[in-house]
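Shown next, in structure tokens, is the structure this report addresses.
Nothing in this text is a laboratory measurement; each read-out follows from the coordinates by a stated rule. This structure is a prediction, so every number in the text was calculated from the model and none was measured. With ideal geometry, Cβ positions are generated from the backbone for all residues, glycine too; neighbour counts draw on all protein chains shown.
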Amino acid sequence: MTCYLEGVGKEVLLETESMQVTLENCPPDEWFKLNPGFVGYYQVKYSPADLLLLKKAIESGSLSEVDRYEINFQLFRENLSTYFDFLLFSG
């Protein structure tokens with residue numbers, strides 16, 4: 001799995017079915033995107049605070065359409081959000 005953080009990519013080998021990843025040197029007000037480019041099929045559970053940061057990245061055009069789709073797909077599939085949240089990110 002690859003993580004994108006402010007222009008820096010980091011690869012993490014998933015050794016188990018489920019895994020918690022800690023990003024070092026990640027300021028709390030910076031967004032990050034796991035699995036950029038949707039190159040692998042990974043379920044990602046972002047915290048509400050991280051989703052708000054990703055929303056800013058979407059609004060600024062920092063995320064590709066593929067990455068926007070993946071975020072919506074994750075939110076919809078896992079029922080992590082309400083219908084309103086889904087619409088918020090698909091706008």
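Going highest first, how would you order 57-66, 11-20 by mean Cβ packing within 10 Å?
With the highest mean Cβ count within 10 Å placed first, the list reads 57-66, 11-20.
Going by how many other beta carbons lie within 10 Å of each one, how would you line up Phe73, Phe32, fewest first?
Numbers: Phe73 12, Phe32 19.
In order of increasing Cβ crowding within 10 Å: Phe73, Phe32.
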Using θ = phi - 60° and the Karplus form 6.51 cos²θ - 1.76 cosθ + 1.60, what ³J(HN,Hα) does each residue of the range 37-52 get, whole Hz, x for Gly and Pro?
x, 6, 7, x, 9, 10, 8, 10, 10, 7, 6, x, 5, 5, 5, 5
Met19 to Val66: extension gain in nm, 0.36 nm per residue of separation minus the Cα-Cα distance?
14.6 nm
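Neighbour counts of other C-beta atoms within 10 Å: give me Arg77, Arg68 arranged from fewest to most.
Values: Arg77 9, Arg68 17.
Going from least to most buried by this count: Arg77, Arg68.
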I need Lys55, Lys33, Lys45 ordered by Cβ neighbour count within 10 Å, fewest first.
Lys45, Lys55, Lys33
